[in-house]
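Beneath this line is the structure, given in structure tokens, with notes to follow.
No lab work stands behind these numbers, since they all come straight from the coordinates. Values in this document were obtained by computation on a predicted structure and should not be read as measured data. We place every Cβ from the backbone using ideal geometry, glycine too, and count neighbours over all the protein chains shown.
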Amino acid sequence: MDSEIKEEVPVHEEFILCCGVETQVLKCGPWTNLFNEPRANRPKLLIFVITGNPGFSAFYVPFAKALYSSVNRCFPVWVISHAGHALVPKGKKILTTSDDPNAQEINDIYGLQGQVEHKLAFLRTHVPKEIKLVVIGHSIGCHFSLEILKLAPELPIIRSFLLFPTIERMSESPNGRIATPLLCWLRYALYVFAYLLLKPWPEKIKSFVIRIALQMMNLQSEFSVLNILEPFCLANAAYLGGQEMMKVVKRDNETIKTYLSKLTFYYGTTDAWCPKEYYEDIKKDFPEGDIRLCEKKIPHAFILHFPQEMADMVADWLKDDLSKI
């Protein structure tokens, strides 16, 4: 698909209060408020993307755009930030909505389980009940996706794609062995360092540093990614990461077994967060499952340089489901 077509894809950015926390939502497609649409004009399905950690939604925009185009622009693709991973930029308004009364108070909302409940509150509050859902989780977003299936069986989720799934033994993975001491034992030192170094920087300096970094990585972002250098957001990402290392230990085989027909797993061959042996183990335990191993050497952070390839694959896997909508 050429770049001109991709540029024409509408993406709407909004900031909402979800469970009292500033939350960024990027909406790909012409639908911005599904409840305001006449029922006859509402899409029949929403593709809902849950990011990895850090949950910086802006980096998922190329993937969302490519996926939206690959499903013939018939269904919206929405990406949600994690709680505490996005701050509202100066001059940007927060949209107020009637929140889910059952999700007003979430204990430890920046932690692992709190983030699951944060996504559930959003889906219950912002998506009409008759709209079917396809949930795409990336990295720790896969853990959240499984938790959503387990905790909210009433949601009309027809498929869930788990891309590079960190759903077990995170601290034992090659990257986990490095990350665990940093995130669990030295986290407060990282907090102090981030606040002392980054807090005094003017916004112009942060923007300049980010722009240079994106150029060096050959990346572009049409939405602000200043949250990368916000100590508050980095502290919450580190806190969530520490909980991942401690709590994402045993694979939830019961939930996987219950919803196996709705699940597609996609493992990398060079993924230091969920190594190939994790693929082999789950394939052995669920031989009848749709569990795939990447043949294209796509890295764990596919959103940076392989969004089109991943979107094309997901759209292809979705063809049968969408033909029945």
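Please state the relative contact order of segment 70-195 as a whole percent: Cα pairs under 8 Å, 6+ residues apart?
Relative contact order, segment 70-195: 17 percent.
Counting each DSSP H run of 4 or more residues in the chain as -39500 (n - 2.57), what helix-only mean residue ellipticity at 222 nm follows after dividing by all residues, to the nearest 500 deg cm²/dmol?
Result for the chain: -12000 deg cm²/dmol, rounded to the nearest 500.
Which of [x] -0.54, -0.95, -1.22; [y] -0.44, -0.83, -1.18; [z] -0.51, -0.85, -1.08 is the computed log10 I(q)/I(0) by the Debye sum over Cα atoms at q = 0.09, 0.12, 0.14 Å⁻¹ for the structure on display?
It is the value labelled [y].
Give me the one-decimal Kirkwood hydrodynamic radius in Å for segment 116-193, with the sum taken over alpha-carbon pairs.
Computed over Cα pairs of segment 116-193, the Kirkwood hydrodynamic radius comes out at 14.4 Å.
Once all Cα-Cα distances of segment 161-222 are split into 10 Å bins that start at 0, what whole-number percent is in each one?
For segment 161-222, the pair-distance distribution reads 17, 25, 37, 21, 0.
Pull out a ≥ b ≥ c, the square roots of the eigenvalues of the alpha-carbon gyration tensor of segment 246-325, then state rounded if a/c is under 1.5, prolate if not and a/b is larger than b/c, and oblate in the remaining case.
It comes out oblate by the Cα gyration axes.
For the residue pair E105 and R73, what label-to-label distance in nm results when each label sits 7 Å from Cα along the Cα-to-beta-carbon direction?
It is 4.7 nm.
Under 19 Å from the 7 Å Cα→Cβ point of M246, by amide nitrogen: which residues of segment 162-181?
Under 19 Å, as judged by backbone N against the label point of M246, lie 167-173, 176-181 of segment 162-181.
Could you grab the relative contact order for segment 156-250? Cα pairs under 8 Å, six or more apart, rounded to a whole percent.
52 percent
How far is it, in nm, from the label point at Y195 to the one at W317 when both lie 7 Å from their Cα along the line to the Cβ?
So the two model labels end up 4.1 nm from each other.
Let me know the shape class of segment 1-85, please: from the alpha-carbon gyration tensor, a ≥ b ≥ c as square roots of the eigenvalues, rounded when a/c is under 1.5, otherwise prolate if a/b is greater than b/c, or oblate.
oblate
When only C-alpha pairs under 8 Å and at least 6 residues apart count, what is the relative contact order of the chain, in percent?
20 percent
Can you list residues whose amide H is under 5 Å from I157's amide H, if they're 5+ apart or on another chain and H is modeled 1.01 Å from N?
Close amide H contacts, sequence-distant or interchain: L133.
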